[in-house]
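Worksheet: the structure to be examined is printed underneath.
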Amino acid sequence: MNHLTPSQTLADVSLDDKYVNTQGQAFMSGMQALVRLPLTLHERGLRAGTKLGGYISGYRGSPVGTYDMALWAAQKHLDARNITFQAGVNEELAATAVWGSQQVHLLGDSAFDGVFGLWYGKAPGVDRSIDVLRHANQAGSSAQGGVLAIAGDDPNAVSSTVTGCSDYDFVSVGMPVLYPASVQDMLDFGVMGIELSKYSGCWVGFKAVTDIAESSAIVDLDIHRVRADWPELSHPADVHIRWPDNRVEQERRLYEVKLARAKAFARFSGINQITVAAPEARIGIISAGKPWADLMQALHDLGLGHDDLARLGVRLLKLGMIYPLDQQQIQEFTLGLDAVLVVEEKRGLIEDQLKSILFGSTPCPAVLGKLGRDGHTLIPQHGETSPALLAQVLARSLPVLVSSPAAQTRLVLLKTKEQALQSTPALAARTPYFCSGCPHNSSTQLPEGSIALAGIGCHWLSLFMDRHTQTFSQMGGEGASWLGAMGFSSRQHVFTNLGDGTYHHSGILAVRAAVYAHANITYKLLYNDAVAMTGGQAISDTFTPQQIVKQLLAEGVGQVVVVSDHPEKYRQMAAPNGGFPKGVTLHGRDELDSLQRALRETAGVTVLLYDQTCAAEKRRRRKRGTLADPDVRAFINEAVCEGCGDCSVQSNCISVEPLETELGRKRQINQSSCNKDTKCVDGFCPSFVTLAGAKPRKSARLQQQERSATPPMPAPQRAPVLPAHETIITGIGGTGVITIGAILAMAARLEGLSATCLDQTGIAQKNGAVLSHVRIARDASSLHAPRVAMANADLVLGCDMMVAASPAALATMTLRRTRVALNTHLAPHAAFVLNPVGAEFGEDQLRSAIDRATGAERVHAFPATRLATQVFGDAIAANMLMLGYALQQGWLPVSLQAIQRAIEINGVTVAANLAALDWGRRAALDLDAVLRQSSPAQTVRVVKRGEESIDSLIARRSKDLVAYQNKAYAARFETLVRKVQQAEQQAMAGTERLTRTVLTQAYRLMATKDEYEVARLYTDGRFEKQLREQFEGDPKLSFHLAPPLFAKRDPATGHLKKQAYGPWVLSVMRLLTGLKGLRGGWFDPFGKTAERRLERQLARMYPAMVEALLPTLTTSNHSAAVTLAGIAAEVRGFGHIKERQLLQAAKQWQQACQGTAAEPVVMAFVASLPMANL
């Protein structure tokens, strides 16, 4: 390792370089390259003496989901160059508008010599735009304009409802197709595409796949990289748009003239390049785009450089234009070859053209691609390619290439790795889920007995939740499938979820169709005020709920109701009824169930407009200061919480996290991710408190360091780059993981290195698994595919353990190479929200899988989240702490100075990020000291069961029961446990399972949380201590309770309703604590409720059941006794929740007790329960 000194010179870099410089290099993403493209086109035109305008329009969707945001961010640069960006209402209208940019000179005089057009959309948008693309391409481009149609293809449906491949769409309308293999190609081929469009008169398709479009790289900015000196053809033709025009002549001109010019362009432009040309070649390999990058990485990993390939008689052809192929180029390339391997994903577009060109040639090389020589599948027509797959393809199809020891070693490694992955058991997985506070947590709920149909948008995730949502449609088809099914179904009504973005795009037509069909359907129009899936873009400047409702009524919708999380905002408006038409009613979301029940009984088309701003967008706006941050925080009193999970059921919120305790799993609120929706407070439980005037507490040590200079630390060494250093960063979508990768890549740029960074966006942003791939090398020739290939990772920054143990991450790890910095905190996943009591995280299995992949000695566990919350009061700092930890360990190939400067250039919370980086470095030097220095804020506490002795537990729980009631009550508890302990030792000496089970469950049932106990647990000092440790300030408390003597009942469910009480209720609680002697007696005002009677019955039954088992306890029935005693753990919660849980437990007891000595006791108890409930 080489040491870097503080005097090392860093490049002078700014974030604007990528747009303002005309030479040199800049770090940019694929989307930013497409923003740079029109600026480059304008500058090239200016230097050529041509006054150009530009017009850009399209519709967002991953992997081009953030293109519009990148354009808006560069608006000042676009405006200065007469480049107009207008986001389209949908893809086909946007394409039509771009078509208009080529008609400027047909409509009269113009101040511009020409206008170039850029259209964009993801693959389904290409599908729906075929009609306009066909018309526009046959009409042609303008002579000084040109059009590039950018298709965002998601080949593995990472962020789509269907896999994407737009090649044949473009081919079907006769458009040439370009396929870039890197971010540099995105810019270069963009320029070439416009030149091709002008030269040929065609619109030009541009295939931007996920791995390229969503990656970032260091790019050469020279605007003269692409030449534009067109040769004159022997038969020049007018190929451009004109008016009037003959439609039959348009087709002839396209296929006989324009595409011929496209083929000529391929010959002279250099867009197709032979990169290896062995003089006596016998083998040819052709590829393009992402498969080309994967191929080059596979060859590199096999130890095959250009000289090796030339020695083995190989020619390599990199296609930039995959349609149409030029016959002359192909014949020259294949001359003398025995075999040609075509490497492409999906269907064989290149292969089919190649075979057509070579058909009848003598001699004719064997063409391999989708099928091998044996007629079996070689490269699948589904999914996508990878370097590992292609290495094996080369071994099967061209074995002469992999005969070297280095190649054989690599193939053995790949096979071993694949076998290891196949043998790894299924582990807990992090799947996408609604954000904390997401409106869809509430809006997608349904009344019992109903179903919903899904559509496109974040709400699509409800398909994977217990929301009775079934099937989905393409964008804009929401609900239309019901029209074809309703006449043949016994179901009378369905709900359909329709996002506001989709409604604006095309969904209004589906509503119109339902009206025309007289369908019984309720559209739940989810108005979230932003397109959350692709970054929070505004849908329209003039798109309000009031306008939507007026439009719906004008379309013939029979009834519209509006539900909002804050309906009072409409009632406070000057306009009558909040600006909504007369007859439209306004409601709070607590009325959602009853409203839906009424609407499903209403004939015809009805709409429930659910108005609540996107949670992710709320967070963004609060950070920008454009939205007030509510002065409220939800907090759970751990001692009161029963762990029933009703708060998760009510809120469906990922910020309600598990808290493992010796009494079982309870709940806590993650204050870092909580979006202050407070729907969790609706959980029927008195443990919830909301606080006003509170902020998460920072450590005293941090506050001290903010006022004084931190002591110096030794400068970290850096890892070698031989020839590339490859890092995987694993994390949770929406937690800032992507920023870490960008900072690493920018640091490489500052030090004159080359780098690529691939991030995942789209649906993975919604609490899903995110992996950032960062590859750093001394020059770009060592970087091919942006994704870290199988077994190639040098470092894994495991910011999330669950994602680090995912197959995608494990595949990159290998023994004796990969090091892992692992965050020990295990954040809850979707399965926990869906099953809040029984979900398992499998922490030991996750850790074991990582240890096996790299070797346990190379895994360094580090409590980053714990330290982040303790020091900064915010878990978001954990990722930067992880980066600092790895940096100080010497595992990164860039210097401290470069990372610090990259953080400054990023410009977001610079001071906090630099401080977090330092704390991570200190943790690497002395973790124990750092943990001692940080004072506790919110901690994730995991209690190891079995660590405390039975005697100690009995003494502690007896003391608690004395406080609960009195000494005699505690003595009953101890007597029971001692009986069990004695019987268990006689039956199975050395075993404590039954004793520990009874100790825990008997205590829980005896210390039932009635009004007196809840009051004691709020006033015995522990609650106040928790608040002081976790929050700063002087918060005002609100307690959310449903006192049985005062609370109202929900008219629909009959359940008690909670309401907020001020801090004065603590005085009442102190009074109640002193009245605990009334508990269960004649003068107990609470003791006669059904809940308290059931609790007393259970408290009598449980010891009787246990004692009945003891005389006949043996080795053979011991496990059954433990199971029977442990069923009591199912009885959790308060009020109707506890009653429901008790009845479920009673059914389990009925089954488990059969044939045991406890059967009479259990059956008598079951018989005493209310039969209606059973």
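Structure notes:
- Scan of the stretch 270-292 for residues that are more than 45 Å from the chain's Cα centre (by Cα) and either assigned to a strand (DSSP E or B) or surrounded by 17 or more Cβ atoms within 10 Å (Cβ to Cβ) (or both), ordered by number: ALA278, ALA281
- Cβ separations smaller than 9 Å between residues 6+ apart or across chains give the following pairs from the stretch 454-472 residues that are over 18 Å from LEU525 (Cβ atoms) and among the aliphatic types (A, V, I, L, M) to residues that are at pLDDT 90 or above and not in a helix (DSSP H, G or I): LEU463/ALA454; LEU463/THR469; LEU463/GLN470; LEU463/THR471; LEU463/PHE472; MET465/THR444; MET465/ASN652.
- Lone qualifier among SER142, SER159, SER101, SER129 - being modelled with pLDDT under 95 and surrounded by 22 or more Cβ atoms within 10 Å (Cβ to Cβ): SER159
- Identity of the residue in the stretch 1057-1103, out of contact with any Lys or Arg (no Cβ under 8 Å at 6 or more places or on another chain) and of a type in the set (Val, Ile, Thr), that ends up modelled with the lowest pLDDT: THR1089
- Matching residues in the stretch 48-68 - criterion: being of a type outside the set (Phe, Trp, Tyr), under 21 Å from the mean Cα position of the chain (by Cα) and at pLDDT 95 or above: ASP68
- Which listed residue is modelled with pLDDT under 95 and closer than 24 Å to PRO630 by Cα, from PHE1046, PHE1031: PHE1031
- Look at (1) touching a helix residue (DSSP H, G or I) at 6+ places or on another chain (Cβ under 7 Å); (2) in a helix (DSSP H, G or I) and you find that GLN870 fails only one, number (1).
- Being under 21 Å from TRP292 (Cβ atoms) and in a helix (DSSP H, G or I) is true of ALA391.
- The stretch 839-864, residues that are buried (at least 17 other Cβ atoms within 10 Å of the Cβ) and hydrophobic (A, V, I, L, M, F, W, C): ALA839, PHE841, LEU846, ALA849, ILE850, ALA853, VAL859, PHE862, ALA864
- Within the stretch 339-366, being crowded, with 21+ Cβ neighbours inside 10 Å and not acidic (Asp, Glu) holds for VAL340, LEU341, VAL342, VAL343, LYS346, LEU349, ILE350, LEU354.
- Residue match in the stretch 772-788 (condition: surrounded by fewer than 24 Cβ atoms within 10 Å (Cβ to Cβ), in contact with a Pro (Cβ under 9 Å, 6 or more places away or on another chain) and more than 23 Å from GLN25 (Cα to Cα)): no
- Sole residue being crowded, with 24+ Cβ neighbours inside 10 Å, within 30 Å of CYS647 (Cα to Cα) and at pLDDT 90 or above, chosen from ALA804, ALA745: ALA804
- Test: residue in the stretch 965-973 that is in the same structural domain as GLY1133 (by TED's automatic domain parsing) and closer than 20 Å to GLY1126 by Cβ: yes
- Those residues of the stretch 599-615 which are more than 11 Å from ASP529 (Cα to Cα) and part of a helix (DSSP H, G or I), in sequence order: LEU599
- Test for THR377: is it under 40 Å from the mean Cα position of the chain (by Cα), over 23 Å from ASN272 (Cβ atoms), outside the structural domain of ALA260 (by TED's automatic domain parsing) and modelled with pLDDT of 95 or more: yes
- Residue among LYS258, LYS263 that alone is assigned by TED's automatic domain parsing to the domain that holds SER182 and crowded, with 24+ Cβ neighbours inside 10 Å: LYS258
- In the stretch 227-269, residue nearest to the chain's Cα centre (by Cα) [restricted to those that are aromatic (Phe, Trp, Tyr) and assigned to a loop (DSSP other than H, G, I, E, B)]: TRP230
- Filtered residues of the stretch 240-274 (kept if among the aliphatic types (A, V, I, L, M), closer than 26 Å to ARG225 by Cα and touching a residue at least 40 places away in the same chain (Cβ under 8 Å)): LEU259, ALA262, ALA264, ALA266, ILE271, ILE274
- The one condition in (1) touching a Lys or Arg at 6+ places or on another chain (Cβ under 7 Å); (2) without any contact (Cβ under 8 Å) to a residue 60 or more places away in the chain; (3) crowded, with 16+ Cβ neighbours inside 10 Å that ALA1047 fails to fulfil: (3)
- Residue in the stretch 536-551 that is surrounded by 24 or more Cβ atoms within 10 Å (Cβ to Cβ) and farther than 19 Å from PRO439 by Cα present: no
- Listed here are the helices (runs of 4 or more DSSP H) enclosed by the stretch 978-1074 that have at least 1 residues being under 20 Å from GLY1126 (Cα atoms) and not assigned by TED's automatic domain parsing to the domain that holds ASP874: 993-1006.
- Test: residue in the stretch 810-825 that is of a type in the set (Lys, Arg), buried (at least 16 other Cβ atoms within 10 Å of the Cβ), under 24 Å from the mean Cα position of the chain (by Cα) and more than 19 Å from VAL770 (Cβ to Cβ): no
- Pairs meeting the criteria (first residue in the stretch 626-640 and in contact (Cβ under 8 Å) with a residue 24 or more places away in the chain, second residue in a strand (DSSP E or B) and among the charged types (D, E, K, R), beta carbons under 6 Å, at least 6 apart or on different chains) are ILE636/ARG667; GLU638/LYS666.
- Within the stretch 394-416, the residues that satisfy the criterion of being part of a helix (DSSP H, G or I) and in contact (Cβ under 8 Å) with a residue 60 or more places away in the chain are LEU394, VAL400, LEU401, VAL402, ALA406, ALA407, ARG410, LEU411, LEU413, LEU414.
The values are calculated or read from the model by the stated rules, or taken from the named source; none is laboratory data. Small disclaimer: the values here were computed from a predicted structure and weren't measured. In this analysis, Cβ positions are derived from the backbone assuming ideal geometry, glycine residues included, and neighbour counts consider all displayed protein chains.
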